[in-house]
Amino acid sequence: MKKITVEKKVLSENDKKAAAIRQALASHGVLSLNFVSSPGSGKTSLLEKTLASLVNDLKIALIAGDVQTENDADRLIAAGGEAVFPLVTGGSCHLDAKMISDILPKIDLDNLDLLIIENVGNLVCPASYDLGEDMKIALISTTEGHDKPLKYPGMFRRSSVLVINKTDLLGTSDFDVITVKKNALKINADLKFFETSCRTGDGLKQWFQWLSAEVKIKKNSN
Ligand code: MG
Ligand code: ZN
């Protein structure tokens, strides 16, 4: 009973911080996306491709969360990211809104179109922690089980988009795109899908186009 109360308190404080972040970003017309997945689904690879493609058209800041090491942040800088902020949690298996608010003052919101947060690879608790994002973008790779949406419903319910990544490996396992979509739609009928391969480039164009359009929508809503 006590544990539940403490957890509720932590989450309600997190929600307050997240609301303040959302407000700050909205007042600058900045779109913010929170990327979530299991470890190894290809979040950093997709973000590398995204930066390389859009960095000339959009002003993008990136917060790269990881339990240990700044390896992902280094990769994103190498991919052209000019405003990359490593966020090493030192053991914590999720990011919370306080970690984001602590970084936010370092980001020039007047000169920003898009804030991308790469969460820690974990499909459980990142679902509960609102980071002030407009949307959660979930990734699943074709090397995972296509029943993951059923196993981790919280994450798929709270996500707006599901990127099915590593499509170049389709056919090497029992993973089936139609089944994963069916499972995901059982949890969240509004999910939008992309199918991508960061190795071959398949499907990336559609992803870039959608993302650019969403940035414009957010800007115009300001
Ligand atoms: Mg990563
Ligand atoms: Zn956690």
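The values are calculated or read from the model by the stated rules, or taken from the named source; none is laboratory data. Source: prediction; values computed, not measured. Neighbour counts are summed over all protein chains in view; Cβ atoms, including those assigned to glycine, are modelled from backbone coordinates with ideal geometry. Heads up: the accessible areas ignore ligands, DNA and RNA and are worked out on the full protein's heavy atoms, side chains in. Shrake-Rupley method; radii C 1.70, N 1.55, O 1.52, S 1.80 Å.
Before moving on, here are some points about what is shown:
- Evaluation of residue 35 against the conditions (1) within 16 Å of ligand 2 (Cβ to nearest atom); (2) assigned to a helix (DSSP H, G or I); (3) touching a helix residue (DSSP H, G or I) at 6+ places or on another chain (Cβ under 6 Å) shows that the sole unmet condition is (2).
- Residue 6 vs. criteria β-branched (Val, Ile, Thr), within 16 Å of ligand 2 (Cβ to nearest atom) and in contact with a Lys or Arg (Cβ under 6 Å, 6 or more places away or on another chain): no
- Residue match in region 29-36 (condition: open to solvent by 60 Å² or more (accessible area, probe 1.4 Å) and in contact (Cβ under 8 Å) with a residue 24 or more places away in the chain): no
- Of all residues in region 171-222, exactly one satisfies the criterion of being in a helix (DSSP H, G or I), hydroxyl-bearing (Ser, Thr, Tyr) and over 20 Å from the mean Cα position of the chain (by Cα), namely 179.
- Check on residue 140, open to solvent by 30 Å² or more (accessible area, probe 1.4 Å) and of a type in the set (Val, Ile, Thr): no
- All of 217, 187 fail the test of being open to solvent by 50 Å² or more (accessible area, probe 1.4 Å) and among the β-branched types (Val, Ile, Thr), apart from 217.
Residues are listed down the side, and each one gets a yes or a no for (1) at pLDDT 95 or above; (2) open to solvent by 30 Å² or more (accessible area, probe 1.4 Å); (3) within 22 Å of residue 138 (Cβ to Cβ):
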| site | (1), (2), (3) |
| --- | --- |
| 11 | no, yes, yes |
| 14 | yes, no, yes |
| 43 | yes, no, yes |
| 46 | yes, no, yes |
| 67 | no, yes, yes |
| 70 | no, yes, no |
| 104 | yes, no, no |
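- Consider region 113-170 and keep the residues that are small (Gly, Ala, Ser) and part of a strand (DSSP E or B). The one that is nearest to residue 50 (Cα to Cα) is 138.
- Within region 9-38, the set of residues being in contact with a strand residue (DSSP E or B) (Cβ under 6 Å, 6 or more places away or on another chain) and farther than 19 Å from residue 112 by Cβ comprises 36, 37.
- Filter pass, residue 65 being without any contact (Cβ under 8 Å) to a residue 60 or more places away in the chain, within 14 Å of ligand 1 (Cβ to nearest atom) and touching a helix residue (DSSP H, G or I) at 6+ places or on another chain (Cβ under 6 Å): no
- Residue 76 vs. criteria at pLDDT below 95 and within 16 Å of ligand 1 (Cβ to nearest atom): yes
- The requirement of being under 18 Å from residue 204 (Cα atoms) and open to solvent by 10 Å² or more (accessible area, probe 1.4 Å) is not satisfied by residue 92.
- Residues of region 200-214 satisfying the condition of being surrounded by 12 or more Cβ atoms within 10 Å (Cβ to Cβ) and either in contact (Cβ under 8 Å) with a residue 60 or more places away in the chain or of a type in the set (Val, Ile, Thr) (or both): 201, 204, 207, 208, 211, 212, 214
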